[in-house]
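Below you'll find the structure, written out as structure tokens, and then a few comments.
The values are calculated or read from the model by the stated rules, or taken from the named source; none is laboratory data. Everything numeric in this text was worked out from a predicted model, so none of it was measured. Methodologically, a virtual Cβ is constructed for each residue, glycine included, from the backbone with ideal geometry; neighbour enumeration extends over all protein chains shown.
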Amino acid sequence: MAKSADVSTKRLISLAPDNWVRWVTQLPDIVVSEIINTEFQWISRESDVLIRVQNPQGEGFLVLNELQLRYSAKMPRRMRAYAGLAEEKYNLPTYPVLINILKSTNAEIPTTYTSNVAGLQVR
């Protein structure tokens, strides 16, 4: 069952999806092709909102929107996982967006995720 925050997020974005994706990506020329109703059930969670967009050159990609009440240190890894799942399922590059509603600490929130295991790097 969807949480009320999830439903509200979907409703908010659906009011003006083109304006939403332009705001979160800072790309003024992209347009929404489709708001995808998807659940990544194999990781036991619902995606907030996954949007298929297109740039003026006709190239498509996904905007994965995750809204959280407060930041969690687990979010960079989770966002990488969600983006990877979306890319695999839809065969499109994914632009992940995390929006934190409330500030929880004064700690700086990272804007990237990196991992290095035995020389294999992920960014």
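May I ask you to list pairs of residues, at least six apart or on different chains, whose Cβ atoms are under 6 Å apart, with the first in the stretch 16-36 being of a type in the set (D, E) and the second being surrounded by 15 or more Cβ atoms within 10 Å (Cβ to Cβ)?
Pairs found: D18/V32; E34/R52.
Given the options I30, I101, name the one that is at pLDDT below 90 and either surrounded by 15 or more Cβ atoms within 10 Å (Cβ to Cβ) or among the β-branched types (V, I, T) (or both).
Checking each option against the conditions leaves just I101.
Hey, could you check the stretch 1-27 for residues that are at pLDDT below 60 and not hydrophobic (A, V, I, L, M, F, W, C) and say which is surrounded by the fewest Cβ atoms within 10 Å (Cβ to Cβ)?
S4
Out of the residues in the stretch 92-110 meeting the condition of being of a type in the set (V, I, T) and either out of contact with any helix residue (DSSP H, G or I) (no Cβ under 9 Å at 6 or more places or on another chain) or assigned to a strand (DSSP E or B) (or both), tell me which one is nearest to R22 (Cα to Cα).
The selected residue is V97.
Pairs under 6 Å by beta carbon, first residue on the phi < 0 side of the Ramachandran plot in the stretch 110-123, partner surrounded by 10 or more Cβ atoms within 10 Å (Cβ to Cβ) and part of a loop (DSSP other than H, G, I, E, B), six or more apart or different chains?
As it stands, the answer is R123/T114, since those pairs meet every condition given.
Just give me the residues in the stretch 75-123 being farther than 17 Å from G60 by Cα and touching a Pro at 6+ places or on another chain (Cβ under 8 Å), in sequence order.
Those that are farther than 17 Å from G60 by Cα and touching a Pro at 6+ places or on another chain (Cβ under 8 Å): P76, M79, R80, Y82, P110, T112, Y113.
Being modelled with pLDDT of 90 or more, in a loop (DSSP other than H, G, I, E, B) and either surrounded by 15 or more Cβ atoms within 10 Å (Cβ to Cβ) or polar (S, T, N, Q) (or both) is the filter here, so list the residues in the stretch 42-72 that pass it.
Once the filter is applied, which keeps residues that are modelled with pLDDT of 90 or more, in a loop (DSSP other than H, G, I, E, B) and either surrounded by 15 or more Cβ atoms within 10 Å (Cβ to Cβ) or polar (S, T, N, Q) (or both), the stretch 42-72 yields N55, Q57.
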